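These notes are about the structure you will find just below.
The values are calculated or read from the model by the stated rules, or taken from the named source; none is laboratory data. All of these numbers come straight from a predicted model, not from anything done at the bench. Heads up, the Cβs are rebuilt from the backbone with ideal geometry, glycines too, and the neighbour counts pull from every protein chain shown. What goes into the accessible areas is simple: the full protein's heavy atoms, side chains included, and nothing from ligands, DNA or RNA. Shrake-Rupley method; radii C 1.70, N 1.55, O 1.52, S 1.80 Å.
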Amino acid sequence: MQAPLSIHFIIIGGGISGLSAAIALRRVGHEVTVLEKGDGRTNKGYGGVRMAPNMSKILFHWGLRDKLLQVAAPSKPLLFSKFETGEVLGTQLWSDELLAETRGQFMCTTHAELLQFFYESAVAHGAKIRLSTEVSEIDPEEAKVTLSTGEVLTGDVIIGADGERGLCRRLVLGRPERVTPSGVTLFDTIYSTDRVMQGVDEELAKLCALEDNTVFVAFGANRAATGYPVHKRKDIAF
Ligand SMILES: Cc1cc2nc3c(=O)[nH]c(=O)nc-3n(C[C@H](O)[C@H](O)[C@H](O)COP(=O)(O)OP(=O)(O)OC[C@H]3O[C@@H](n4cnc5c(N)ncnc54)[C@H](O)[C@@H]3O)c2cc1C
């Protein structure tokens, strides 16, 4: 379906939100310019990311299933254990019936690969993406943005996709975002699968079922850990 009137959207921020908005708008024929202050390689590091079916189903609907499968692996089993003892508590499966209802897949990949996937897909859909381009001022009434270089761009509509601490949120709220510390610290890292599996006994290795891209979850007292295979199972993201 094509929109009866083509509108020029300026999207501030080329993360997952900005690039997916760009694809959606290009699909119906709008003009799209994405302004991203970073270099486009990664904006959340190189760690892992799990994609719920409510996201993958949209990408499937957009005809991006095969491209997505090149960077993300479908995962069905979740293995739960106790953090302190390693005792296995049980497994849960994304059943075929449940997945059919969601119309998506639960998938594992990395932030950097996912961002690259969105970037390439947005470009293939005809979005204009300007990297290393920082917006320093926004005039929402005139749909006008001023870049840090002083250049001024005008569109019909501005979409704010510049993240939780971006300019747009401040503009909409009318004040700087008040960040309340949650008291929780999150670490993320990636290890080679060979290294992680060293010394794991046969019984547990069988349960891990890496070939099924199992997601491991360990619950403890005020702490938890999760791990899942990425990079075609060469590494495990924690
Ligand atoms: C360690 C970690 C693990 C996570 N794991 C998961 C997970 O497993 N599953 C999941 O669903 N979610 C996960 N998340 C959350 C998920 O990554 C975020 O919700 C998502 O990336 C937000 O995307 P976004 O595009 O809205 O914002 P962002 O990714 O923050 O993108 C905003 C973009 O705007 C750009 N920008 C900002 N200001 C300007 C400006 N003035 N001019 C131009 N550009 C600007 C920034 O450079 C950035 O690229 C995780 C997050 C972290 C940090």
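Out of curiosity, is Leu173 more than 20 Å from Phe9 (Cα to Cα) and more than 9 Å from the ligand (Cβ to nearest atom)? So Leu173 passes the test. The conditions of being open to solvent by less than 20 Å² (accessible area, probe 1.4 Å), near the ligand (Cβ under 10 Å from one of its atoms), modelled with pLDDT under 95 and more than 30 Å from Asp139 (Cβ to Cβ) are met by Gly47.
Kindly indicate whether Ile190 is in contact (Cβ under 8 Å) with a residue 60 or more places away in the chain and touching a Gly at 6+ places or on another chain (Cβ under 7 Å).
Against the criterion (in contact (Cβ under 8 Å) with a residue 60 or more places away in the chain and touching a Gly at 6+ places or on another chain (Cβ under 7 Å)), Ile190 qualifies.
Determine whether the range 139-150 contains at least one residue that is under 21 Å from the mean Cα position of the chain (by Cα) and within 15 Å of the ligand (Cβ to nearest atom). Taking every residue of the range 139-150 in turn, none turns out to be under 21 Å from the mean Cα position of the chain (by Cα) and within 15 Å of the ligand (Cβ to nearest atom). If you filter the range 122-147 down to residues that are in a loop (DSSP other than H, G, I, E, B) and free of Cβ contacts under 8 Å to residues at least 40 places away in the same chain, you find that the one that is surrounded by the most Cβ atoms within 10 Å (Cβ to Cβ) is Pro140.
Can you find a residue that is aliphatic (A, V, I, L, M), in contact with a helix residue (DSSP H, G or I) (Cβ under 6 Å, 6 or more places away or on another chain) and not assigned by TED's automatic domain parsing to the domain that holds Glu211 anywhere in the range 41-51? The answer is yes, given that some residue of the range 41-51 is aliphatic (A, V, I, L, M), in contact with a helix residue (DSSP H, G or I) (Cβ under 6 Å, 6 or more places away or on another chain) and not assigned by TED's automatic domain parsing to the domain that holds Glu211.
Could you please let me know if Leu35 is near the ligand (Cβ under 9 Å from one of its atoms), modelled with pLDDT of 90 or more and under 14 Å from the mean Cα position of the chain (by Cα)? Judged against the criteria, Leu35 is not a match.
Tell me, yes or no, whether the range 105-117 has at least one residue that is under 30 Å from Glu31 (Cβ atoms), surrounded by 14 or more Cβ atoms within 10 Å (Cβ to Cβ) and more than 18 Å from the chain's Cα centre (by Cα). No, every residue in the range 105-117 fails to be under 30 Å from Glu31 (Cβ atoms), surrounded by 14 or more Cβ atoms within 10 Å (Cβ to Cβ) and more than 18 Å from the chain's Cα centre (by Cα).
Selection of first residues in the range 4-20 that are free of Cβ contacts under 8 Å to residues at least 60 places away in the same chain and of second residues that are open to solvent by 10 Å² or more (accessible area, probe 1.4 Å) and in a loop (DSSP other than H, G, I, E, B), restricted to Cβ pairs under 6 Å at least 6 apart or on distinct chains, gives the following pairs, ordered by first then second residue: Ser6/Gly29; Ser6/His30.
The set of residues in the range 58-67 that are within 16 Å of the ligand (Cβ to nearest atom) and crowded, with 16+ Cβ neighbours inside 10 Å contains only Leu59. Filter the range 201-216 down to residues that are at pLDDT below 90 and open to solvent by less than 50 Å² (accessible area, probe 1.4 Å) and give me whichever is nearest to Leu89 (Cα to Cα). The selected residue is Cys208.
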